[in-house]
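One structure below.
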Amino acid sequence: MIDQLNPEQQAAVTLPPQHALVLAGAGSGKTRVLTTRMAWLIQTSQASPFGLLAVTFTNKSAREMLTRLSALLPINTRGMWVGTFHGLCNRMLRAHHRDAGLLQTFQILDSADQLAAIKRLIKGAGIDDEKYPPRDVQRFINGAKEEGLRPGSVDAWDAHRRRLVEIYQMYQDQCEREGVVDFAELLLRAYELLQRNAPIREHYQRRFQHILVDEFQDTNTLQYQWLKLLAGEGASIFAVGDDDQSIYAFRGANVGNMAEFERDYAHGTVIRLEQNYRSYGHILDSANALIAHNTGRLGKNLWTEQGEGEPVRVVEQPSDLLEAHWLVDEIKAVIGEGSLRSEIAVLYRSNAQSRVIEHALFSSRIPYKVYGGLRFFERQEVKHALAYLRLMDNLHDDTSWLRVVNFPTRGIGARTLEQLSDLARQNNTSLYKAVPLMSGKGGGNLLKFTELIQQMAYEAQILSLPELVEHVIHHSGLRTFYQGEKEGADRLENLQELVNAATVFAAEENFDGLPAGRILMPDAPLAAEDPAQPPAADSAEDAATDADVFSPVVQMSPLGAFLSHASLEAGDNQAQAGQDAIQLMTVHAAKGLEFDTVFITGVEEGLFPHENSLIEAAGLEEERRLMYVAITRARQRLYLTLAQSRMLHGQTRYAMRSRFLDEIPEEHLKWLTPRERAPVVANSNWSAGAYRRGDAYGRPSTGGAVARPARSLTTGVSVGDKHFRIGQGVTHAKFGEGTIIGLSGAGVDAQAQIQFRDVGTKTLALGIAKLEIA
Ligand code: ATP
Ligand code: MG
């Protein structure tokens, strides 16, 4: 197992139990070293599989680590503590929910749920949402939590901040009442649990003699404190990271943790790895040259023995639609050369870019899978179904209550809900509990809703998880509702997919056939006072007797586990398992992964680097690290693609190529389209403001780019009394609705390339085809 590693890697793997930091660039084998060290510790009997705790950054990488581990050693990895910070904290809190002051059935709010909860609070308390925009409040609360601060300990130096702290407190009370926990709270609670509860802390400190952390550069202050507590005096922390890949500062990650860790723990034991085993020379050198533009780096040198390989290919297209079409053609060619689809990744800076790409792949029937991003579990209909399911688990979950109380419509209006919220607030109860206090017609409808939920929960007790999901989709009225909707077919499909997801989940977690679980019956006491709670898992001493007690299988009902999974693993479930598919994801989600072929799309100023980042130098450097991460995902072949115009958030935008392209030496690049700055599209949509380069992006405007006449390819074309242009919606008598994605020629020779909604792309002669402009 060790023979295959280079001497530095071997040294890291076989370090005696002590704290250590591996500081090394992309593709140098950090993750491999970390995984091998786990195997080595187990094999040399220095640790049992249950005496290790490993933190990774995504669920995908946690799964990969377990797979690699079982390839190295013949052990069963089930029940091992390998996961993300959120996943591990969730597990700990479920095991000790009472000590943590939580319901066993606590639900996790994802960030959209959290925002909804904050909006509701701000409205209910009559707070001015212009002075306190919900998003700012959310950022404030999460920021405080990530620093480990409860409302009582936040510094409030002026009236505005004092008010924010009050809102934070109100939000806390609301979450408490509803039995819900947001992402930042998972970490803070788990931290406080260890901090306050000596028996539990000592138990875990004894148990985990080895703590291993991947992607250490992206830990935040609280995560680092949690690790320190968990390690105590006895355990060794083995951290690996790369300061050049720190890309979560915007979410509170603190790259300073690396220096601090070195000071606190690692002292002399910092290991550097310099050989890159992932990428060919042109790719690696492009990454090295790019990142050299950043300041204040810890400094690393990466080289490869693999030879220079192919140059990085660059392609510029007139529009995002053409970029997507080119992409699909090129992907077909790469597959034609024998590549697996799963070895091809399409990366983008912003989630909004994925729709066009997805559509192009879909139209060409190329299977693809989106990670993160366009999240299956975040689609409206899926969220509605999940809200009903959450109510099966916890009737006091007001966020879910409000989401579906009048969906499908049940004649419960905003005024009724306001009254109900007021009553709940006055009596300090959940909405569910406040229903009997309501009178009038609204009250009657609310009562009917409550009865519906109670009835569903009652009937559901004997159902397995997939049956329960099916049951809820049916009896909630969601199915009937979407059947009646014009565009409902997709949504019905997604609901069916949710049943599939539950089936797969139940089978994988061995919940197959078990009743979906302990359902909180209408007037059951809250779990905190519930004598029926199994006591075993709540005590660290008992739990210590069997590692598996910590497994969520024992801890949670199948439904509870599934709901946590839905919150934590949003997006992982939308492609059929095992299918060979193109991998689509944001650059953030690609961290730590590698593929034979990588396409980085939208390499444009304003998009990558993102315009929001350009206000300060630190923002630009983070974008550059992000590009560095993107480039270093590729093993053999890398493409950078950009579009001159793109529809984003309902607006056509025009952009120049990204400055990052100019930071890569020409010798590594091969332009497949001419490198000259192609003129910007001029069409009738042209308006001041649509083209904002120069002013907003902080670089001088190359005025000519705006004024230069456009190429015929991208100008509008007039035929008869009609004027056609790219991006325009058109209708054809036979092919139906479509969008113009390309124009060429003039007069009788004018042709348009049109992407039709139903029949794919066609090229039509404008003089002949009778097109109506939509
Ligand atoms: P990142 O910073 O992107 O997370 P990393 O430093 O974690 O990268 P790994 O993913 O561990 O790098 O390794 C990159 C690739 O190199 C993997 O395919 C890994 O198996 C391979 N590799 C690592 N070390 C060696 C080695 N000594 N011999 C051959 N291949 C290696
Ligand atoms: Mg890695």
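The values are calculated or read from the model by the stated rules, or taken from the named source; none is laboratory data. Since the structure is predicted, the reported quantities are computational estimates derived from the model, not experimental observations. Ideal geometry is used to build each Cβ from the backbone, glycine not excepted, and the neighbour counts take in all protein chains shown.
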Those residues of region 611-633 which are within 16 Å of ligand 1 (Cβ to nearest atom), within 19 Å of residue 354 (Cβ to Cβ) and not charged (D, E, K, R), in sequence order: 626, 627, 629, 630
From (1) more than 29 Å from the chain's Cα centre (by Cα); (2) on the phi < 0 side of the Ramachandran plot, pick out the condition that doesn't hold for residue 238. (1)
Quick check on region 37-59. Is at least one of its residues within 16 Å of ligand 2 (Cβ to nearest atom) and among the aromatic types (Phe, Trp, Tyr)? yes
In region 281-312, which residues are crowded, with 17+ Cβ neighbours inside 10 Å and within 19 Å of residue 674 (Cα to Cα)? 311, 312
Would it be correct to say that residue 287 is within 16 Å of ligand 1 (Cβ to nearest atom), in a strand (DSSP E or B) and under 29 Å from the mean Cα position of the chain (by Cα)? no
Residue that is farthest from residue 251 (Cα to Cα), among those in region 199-216 that are within 16 Å of ligand 1 (Cβ to nearest atom) and in a strand (DSSP E or B): 212
Counting only strands (runs of 3 or more DSSP E) wholly inside region 1-112, the ones holding at least 2 residues that are more than 16 Å from ligand 1 (Cβ to nearest atom) are 52-56, 81-84, 107-109
Based on this model, can you work out whether residue 71 counts as surrounded by fewer than 19 Cβ atoms within 10 Å (Cβ to Cβ) and outside the structural domain of residue 37 (by the TED database)? no
Could you check, for region 217-236, whether at least one of its residues is part of a helix (DSSP H, G or I), in contact (Cβ under 8 Å) with a residue 40 or more places away in the chain and within 16 Å of ligand 1 (Cβ to nearest atom)? yes
Just name the residue that is farthest from the chain's Cα centre (by Cα) out of those in region 475-496 that are basic (Lys, Arg) and assigned to a helix (DSSP H, G or I). 479
Scanning region 330-365 for residues that are assigned to a helix (DSSP H, G or I), in contact with a Gly (Cβ under 9 Å, 6 or more places away or on another chain) and surrounded by fewer than 20 Cβ atoms within 10 Å (Cβ to Cβ) gives 351, 363
Give the residues of region 394-406 that are assigned to a helix (DSSP H, G or I) and closer than 17 Å to residue 475 by Cα, sorted by residue number. 400, 401, 403, 404
Filtering region 407-423 down to residues that are more than 34 Å from the chain's Cα centre (by Cα) and in a helix (DSSP H, G or I), which residue is surrounded by the most Cβ atoms within 10 Å (Cβ to Cβ)? 420
Region 451-495 - residue that is among the β-branched types (Val, Ile, Thr) and out of contact with any Pro (no Cβ under 8 Å at 6 or more places or on another chain) and, of those, farthest from residue 410 (Cα to Cα): 469
From (1) within 11 Å of ligand 2 (Cβ to nearest atom); (2) surrounded by fewer than 19 Cβ atoms within 10 Å (Cβ to Cβ), pick out the condition that doesn't hold for residue 30. (2)
Qualifying positions in region 145-174 - over 21 Å from residue 88 (Cα atoms), within 28 Å of the chain's Cα centre (by Cα) and not β-branched (Val, Ile, Thr): 150, 151, 164, 168, 169, 170, 171, 172, 173, 174
Would you confirm whether any residue within region 600-610 is modelled with pLDDT of 90 or more, within 16 Å of ligand 1 (Cβ to nearest atom) and buried (at least 24 other Cβ atoms within 10 Å of the Cβ)? yes
Suppose the filter is buried (at least 19 other Cβ atoms within 10 Å of the Cβ) and within 16 Å of ligand 2 (Cβ to nearest atom); does residue 593 pass it? yes
Checking the structure you have, find out if any residue of region 357-367 is at negative phi and of a type in the set (Lys, Arg). no
If you go through 204, 224, the only one that is outside the structural domain of residue 143 (by the TED database) and under 30 Å from residue 115 (Cβ atoms) is 224
Contact list please: Cβ distance under 9 Å, first residue in region 118-135 and closer than 20 Å to residue 419 by Cα, second residue of a type in the set (Phe, Trp, Tyr), pairs at least six apart or on different chains. 118/171; 121/171; 122/132
Could you check, for region 454-474, whether at least one of its residues is part of a helix (DSSP H, G or I), among the hydroxyl-bearing types (Ser, Thr, Tyr) and either under 30 Å from the mean Cα position of the chain (by Cα) or in the same structural domain as residue 174 (by the TED database) (or both)? no
With respect to residue 255, is the statement that it is at pLDDT 95 or above, more than 20 Å from residue 663 (Cβ to Cβ), within 26 Å of the chain's Cα centre (by Cα) and of a type in the set (A, V, I, L, M, F, W, C) true? no
